[in-house]
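**Q** Okay, here's the structure, questions in a sec.
Rule-based calculations on the coordinates, nothing more; no lab input. Worth saying up front: this structure is predicted, and the values here are computed from it rather than measured. Note that we place each Cβ from the backbone using ideal geometry, even for glycine, and neighbour counts take in every protein chain shown.
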Amino acid sequence: MKRALLTFAVLALLAAGDAVGRNIDLVTLPPRAKVQLTIYNSEDLTLVKEVRAITFKKGMNRLQFSWANTLIDPTSVYMRPLERDGDIEVQDTTYPGDRPQVLIWNVDSKIEGQVPVEVTYFTSGIGWSADYVMITNPDESQASFDGYVTVTNNSGEDYEGAEVRLVVGVVNLVEKVRQLAQQAGAVPADGKENRNRAMEESLARAEAAPAPAAAPAEMPAARAPPRVVKEGLSEYFIFTIEGLQMIKNGWSQRMISFKAPAVTFDILYRLRPHQYGPAPVRFFLLANDAEHKMGESPLPDGIIRVFRENGKDGLNFFCAQQTKYIPIKEKIELNVGVDRQVTYQRAALDLSRQNFIYEDRPNQEPVVVGWDETRKWQEEVKNWRAKPIKLEIRHVIGGDVDFKMEGPVKLFDFHTVEYTMDIPARKPMKWLSEGTFHLGKNSKQDRINLVK
């Protein structure tokens, strides 16, 4: 079924004396002169602004707007002349009972001629998402980090030659636009109009941002991919796609957001058996800042896919990690998995008990009610890589414990010790650690105490 969105009819009522004439002129409107989409990713919400040139006749004009087979919010539709607004006035808006999903503006014009008119409304069904691709060089000394945005249109309407703006921000909706769009023939109540006013105010900052320069009406067959221009506001961050886009109903379009060709990053191994299991896990650490050759804008939430060039014109896949919104200067930690070239082993060397406390009981042998238990471990890391690595270790130890080890150690929290070791290339490294557990009545508090 052909969509009826934005099908306008201009019906000029011809008066004869005090009687209203029955002759009606039906005018087919020209194509949109301009359309702009402001798409939120936090809600199923898009603000549409379009401009059409309408030919008015003096006196009362009737403009019909239909949203059949689309997901626009009929309570949000608004029209205003962009020129000669003192001579053109919208008298009222009616919703014919016999024609669901149609409204008619009664417009009084003091002039005759063509005037550009702006129609705005909210629609559902248009969304966008972000994703990122990080590819390291073969020796993992630097990487490219590219961002993409994908716009998906399931609104029921094609938007050709559209200026597209993607907004990172949060809008709280009292009612969902999709629900309102599906209330066929619903006449807006005052409460809905008040709700729309609140939504429009929340979008005011986004609307204050300048639109991108208009692209030629006809784009050449071969052209550079559209770039995304970023602009910061106090409440939102706007990604404006350069040029004009064809946002076709039922289609998705993926566009480049940014390219960072020489991103620097650090590699850190982490051993956290309580989080990642018994093997060391490798992380790529970077930050969304200028120091790491990024930092031009916040990064919307999305998926980061990490690869490495294998030196044979191919890629090795590491991971696909979901990330939340990343502000400028925020750190990025990418878990690229277990590295089989780095192994860790912790072996128990000795266990001894001392400092016993006895309790006398009638007609019985004294009973042990408190004691200390000292456990000694040898930790060993084997690094078969061609370059040294840095390994961060965390051990969760319950109870009242005195802990000591060779090398620097600190408390991550009252139950967790943390230490970082520099592991040389292609050779094992060993060190000793020790914990004295105060048990029974020897236990004073549930915590780790670091001792030398």
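**Q** With θ set to phi - 60° and the Karplus curve 6.51 cos²θ - 1.76 cosθ + 1.60, what are the ³J(HN,Hα) couplings of the range 33-44 in order, to the nearest whole Hz, using x for Gly and Pro?
**A** With the stated coefficients, the range 33-44 comes to 7, 6, 9, 10, 10, 10, 10, 8, 9, 8, 9, 7 Hz.
**Q** Simple spin-label model, 7 Å along Cα-to-Cβ: Q64 to D92 in nm?
**A** For Q64 paired with D92, the spin-label model returns 2.0 nm.
**Q** Using the alpha-carbon centroid of each, what span in Å lies between the range 375-408 and the range 239-306?
**A** Answer, in whole Å: 31.
**Q** Give, as a single signed number, the net charge of other residues whose beta carbon lies under 10 Å from the beta carbon of R426, with Lys and Arg counted +1 and Asp and Glu -1.
**A** Spelling it out: positives minus negatives among the neighbours equals +4.
**Q** Counting other beta carbons within 10 Å of each Cβ, put T420, T120 in order, fewest first.
**A** Ranking T420, T120 by Cβ neighbours within 10 Å, fewest first, gives T420, T120.
**Q** Listing H292, H438, H274 from the residue with the fewest other Cβ atoms within 10 Å to the one with the most, what is the order?
**A** H274, H438, H292
**Q** Tell me, what ³J(HN,Hα) does each residue in the range 281-290 have, in order and in whole Hz, if you take phi through Karplus 6.51 cos²θ - 1.76 cosθ + 1.60 with θ = phi - 60° and put x for Gly and Pro?
**A** Here the 3J(HN,Hα) series is 10, 9, 10, 9, 10, 8, 8, 7, 9, 5 Hz.
**Q** Continuing with this model, one more query. Output the relative contact order of the range 342-452, whole-number percent, from Cα pairs under 8 angstrom with separation of 6+ residues.
**A** 33
**Q** What's the exposure ranking of Y269, Y358, going from fewest to most Cβ atoms within 10 Å?
**A** Y358, Y269
**Q** Taking the simple approach of a point 7 Å from Cα along Cα-to-Cβ for both D422 and K259, what is their distance in nm?
**A** 3.8
**Q** About the Cα centre of the range 342-450, what is the dipole size in debye to 20, counting +1 per Lys and Arg Cβ and -1 per Asp and Glu Cβ, all else neutral?
**A** 760
**Q** Among residues other than I304 whose Cβ falls under 12 Å from its Cβ, what is the net charge (Lys/Arg +1, Asp/Glu -1)?
**A** Cβ neighbours under 12 Å give a net charge of -2.
**Q** Work through the residues other than G161 whose Cβ is under 9 Å from its Cβ and net out their charges, Lys, Arg +1 and Asp, Glu -1.
**A** For residues surrounding G161, the net value is 0.
**Q** I've got another one for you. Run the simple label-point estimate for Y78 and V369 please: 7 Å along Cα→C-beta, distance reported in nm.
**A** Between Y78 and V369, the simple spin-label model gives 7.8 nm.
**Q** Skipping prolines and chain starts, which residues have an amide H placed within reach, meaning under 5 Å, of the one on N442, given they are 5 or more residues away or on another chain?
**A** Under 5 Å from the amide H of N442: W371.
**Q** I would also like to ask the following. Taking the Cβ-Cβ separation of I328 and Y276 as r and a Förster radius of 35 Å, what is the calculated FRET efficiency to the nearest 0.05?
**A** 0.75
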